[in-house]
Structures are given as C-alpha cells and as structure tokens.
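A.B. asks: Before I ask anything, let me first share the structure, which is written out below as structure tokens.
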2 protein chains.
Amino acid sequence: MVTWFGRRPQRNEAPRLSSRGAPQPTEKVDISSLAPGVQHFLGQAAYCELGEFESLARAVATAPNLAVKEGLSAAAGRALSKHHGLVTEIRRRGHEPATEMGPFVVSLDEFRRKTSGADWHELLLSCYLAGGLLEDFFIRLSDGLPRDIGPRVAQLLGENSGTDVLVHELQTAIENDVELGSRLAMWGRRLVGDTLLVARSAMPAADPAEGAEARIEPVFTELIAAHTRRMDGLGLTA
Amino acid sequence: MVTWFGRRPQRNEAPRLSSRGAPQPTEKVDISSLAPGVQHFLGQAAYCELGEFESLARAVATAPNLAVKEGLSAAAGRALSKHHGLVTEIRRRGHEPATEMGPFVVSLDEFRRKTSGADWHELLLSCYLAGGLLEDFFIRLSDGLPRDIGPRVAQLLGENSGTDVLVHELQTAIENDVELGSRLAMWGRRLVGDTLLVARSAMPAADPAEGAEARIEPVFTELIAAHTRRMDGLGLTA
C-alpha cells in the first residue's frame, strides 16, 4: 500500500474509474477543491500526452515486425491527437501551448527518461501502464475544472487509446517467457511509484488543516486499483 | 544533371508539379504505362509515409525547444495520417497492410538510415526534401492508377504536410550560420540522389525497346526541378 502523506489513510470505500468499465462507485470523492487551475491542468496534460506520443513513436521505430509497427503507429496517432486536442483548448483560451507546457518539461522529461525501460517490452509496458494511469488521473481531475471545459477534456482523454495492440503483444510475450514475465512484473511495480509522483505533482500541496490529505488519498487508491487491474489483465502480479 | 539510364536524356520541356504552386505544364508526360500495379504503389507509398512519420517523430524527440517540438508534432501527425489513409485503401481492397508493405521494408529502412543525418538540422532537411520529393513522385505516379483510386490517393498525398515549421527552422538556422548553410547544401545534394533511387525503384524496369526510358526521364526532371525550388527557398544552392 502506497501512502502519500506519511501516515496510513482512512480506508474509505474506493470508487472505481468508470472509463475502464469497472463498477460505478457508490460514493464519489469530491475532487473539485483539489484540482489545479485550468492552465496548469491543460499545460501538464498536454505535455503528458506529447510524452506518451514520443514513447509510442519510439516503440514504433523499434517494433519487431510490420504488423505490430502498424498497430503501434495507430496508438501513437491517438496520443498525438489527444495532445493536439489539449493544445487546441490552450489556444482557445488565448494562450501559447509552449508557454503553458513549459513548466512541466523538466520533470516530465525526467519521468519519461526514468520509465523508458531497458528494452522494447519494458517501453511498451510503460506506455500502457503509465499512459493509462495518467489518463485516468487527468480524467478524474477534470471533474474539478469549470463546466465549460472539464467535460470536453474528459471526453477527449477518454477516447480509445488504441492500446489493444500493446496488451496483445505484452500478453503473448509474457505467456511465452516466464522470465520476461517476472521482469515485467517488477518493472510494472516500479512504474506505478514514479507515475503516481507525477500525478501527485499535478495537485496543489495538501493542507492537512483542511483535510485535503484525506480527500486525495482515495483518488490514489482508485488509480492504484485500476493499475492493478491492468497488471492482472496482462498476467502480471501487481 | 542526373541521368538515370546511362545516356543523356532528350531535353523535353519539363512540366512542373502543380501541387507546389508552379505553373502548369503545357505538355504532360504520359506516365500511365510506367506506373506500378496498385498494390505495389499502395504498399510502397504507405511505408514511405510511415518512414517519414518516424523521421519526423525523431525530430520531435530531439527538438531544441517546445514551440518547435509542438510544430513538428503536427507535421508528424500529418505524415501519420497520410500513412493511415493509404493503409485504409489497402484494407478496402481486402489486403493486409503489413503484407503489402513488407517487400519495401529493407530498402526503405536502409534509405531512412542513410538519410537520417548527422544532426538535427540534417534530419530536418531530409524530412523536408526527401519527404517532399517522394510525395511529389507518388502524386505524379498516381496519374497512372485506375480512376477508382488514383485521384483519391493524389488528394490524400497532396494535403498540407505541415512542413512550414521545418522551412522556418532551416531558413533561420541557415541565415545565422554560413558554415551550417554550406554543410546543409552538400547534404541536400546527397539526399536528392538517394531519394531519386527510391523513386526509380517504384517504377517497372525500363524497357529501351518500348521507349520507356525517354518517358521516365522528364518525370525525374520535374522532380529535380521541384527539389531545386525547395533548396532555393531555404537559401541553399542545389
């Protein structure tokens, strides 16, 4: 159990993310007071999707065969299209994408570097797990954005990411190679920590006096639960 | 003057490529008998656009600043979208994209490797010049395809490639650095030879008895003229 504020969280009922087809939560955590400003959100989410695109493009370039290359190129296209959708939102508000993304370059580039993996399968797992977790996170966080933008962004980010090809490649490789499977399970566990740190950095500093901590924790519990389901789906132990 | 068949070509009036805004030719070379079969065309053109996407994605990953990265990502998206458009045509005809692209992988990967350049500016110039020449070429060649597909493919390939950002970056760099300019001029001259060889490989072997040679040569003259205009536009001597 990962704890983000140095003490064990209240064990609230953990809501699930509807975008992954899991049961609806009976009680939804109110995230509105925890969401960053719109500009912060758009800049960070846009640069996240650009990074996801770059990682997928690297996976395209090093794909072992043409059919997989072709499938990955479609997934790269989806990430790029989400990025451009967010850039459009930034422009619509009269801002420059480069200026808005600027503050997140150093930390997100470092995150991409750390999670790029030692080989093609690790890279693929990073694209799938970190990409999925961050997309879940930004969709969740968009609940706290103003109504003239939040739902539109949630819809954009919730569009099919074309990751079936990643799941298929990883499943097949894991089934056929026990050693690879155990290495990827380790890699997946490492990834979740680094990725949650990125997510945490997208939220304002928690103020214990206001009880922010107790409200944030269930959101991370949700994210970890969705991550665990992705690991399970690949045949990996989270 | 590049000669492709071991003797000097007839100096026909060289038609210009309409897609680059140049004057219309008074006399158009009939390319129909020189065009490859539809499957050959689609497989090769699709893999060419995928390669262009991969090169642009590498340029995105190594871009010197965020505004340029952003512009290049749009250009990469355009190449990817053309690739996927060609893949759709392949599927529409009941074929598998990977099977159709397969025969061109070795030669086109080798071409990409040879033309990837020693640094970011050389890579950018390759994307612009080789990408532009090959796109011109496939548009020209599509004249020889059946009417139920040729015009649609020509329209797809003729869509804006988003290369303004490449031109702007190259122009600025060349203006500010004479030495870089002369290195890039050399690189541009090398590129045209390698790129024309790719184009030549897309056409059936010329049969001198049928006069194919004399009909092919003006097409290459057109391509070289458009290449020269691109070089001129950057301030480089072709």
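A.B. asks: Can you pull out the trypsin sites (Lys or Arg not before Pro) in the range B:130-222 whose DSSP state is coil and whose Cβ has at most 12 other Cβ atoms within 10 Å? Walk me through the numbers before you get to the answer.
C.D. replies: On the way: sites: B:Arg140, B:Arg147, B:Arg152, B:Arg183, B:Arg189, B:Arg190, B:Arg200, B:Arg215; in loops: B:Arg147.
Answer in residue order: B:Arg147.
A.B. asks: Mind checking the mean number of beta-carbon atoms from other chains within 10 Å of the Cβ atoms in B:44-51? Provide the component values of the computation, followed by the final result.
C.D. replies: Values: counts 0, 0, 1, 3, 0, 1, 5, 1.
That works out to 1 on average.
A.B. asks: Continuing with this model, one more query. Divide the volume of the convex hull of the Cα atoms of the range A:34-234 by its number of residues and quote the answer in cubic angstrom per residue.
C.D. replies: Details: hull volume 22.4 nm³, N = 201.
Spelled out: Cα convex hull of the range A:34-234, divided by residues, is 111 Å³.
A.B. asks: Put a label point 7 Å from Cα along the Cβ direction on A:Glu110, then list its distances to the equivalent points in the other copies in nm, shortest first.
C.D. replies: When each copy's label point is compared with this one, the spacings are 4.5 nm.
A.B. asks: What is the local net charge at B:Asp148, summed over the other residues whose Cβ is closer than 13 Å to its Cβ (Lys, Arg +1; Asp, Glu -1)? Numbers along the way, then the final one.
C.D. replies: On the way: positive: B:Arg92, B:Arg93, B:Arg147, B:Arg152; negative: B:Glu89.
After counting each charged neighbour, the total is +3.
A.B. asks: Along its three principal axes, how long is the range A:128-168 when you only count alpha carbons? Whole Å, largest extent first please.
C.D. replies: Computed over the range A:128-168, the largest-to-smallest principal extents equal 37, 15, 7 Å.
A.B. asks: Suppose we keep just the alpha-carbon trace of the range B:41-115; what are its Rg and Dmax in angstrom?
C.D. replies: When restricted to the Cα atoms of the range B:41-115, Rg and Dmax are 13.5, 43 Å.
A.B. asks: Among chain A residues, which Cβ is nearest the axis of the A-onto-B rotation, and at how many Å?
C.D. replies: Residue of A nearest the axis onto B, distance in Å: A:Ala57, 2.
A.B. asks: Using r as the Cβ-Cβ distance of B:His168 and A:Thr228, and R0 as 41 Å, what FRET efficiency do you calculate, to the nearest 0.05? Working shown, then result.
C.D. replies: Values: r = 47 Å, r/R0 = 1.14.
It comes to 0.30.
Each value in this text was obtained by applying a stated rule to the coordinates, not by laboratory testing. This one's a predicted model, so the numbers in the text were calculated from it and none came from an experiment. Positions of Cβ are backbone-derived with ideal geometry, glycine not excepted, and every protein chain shown enters the neighbour counts.
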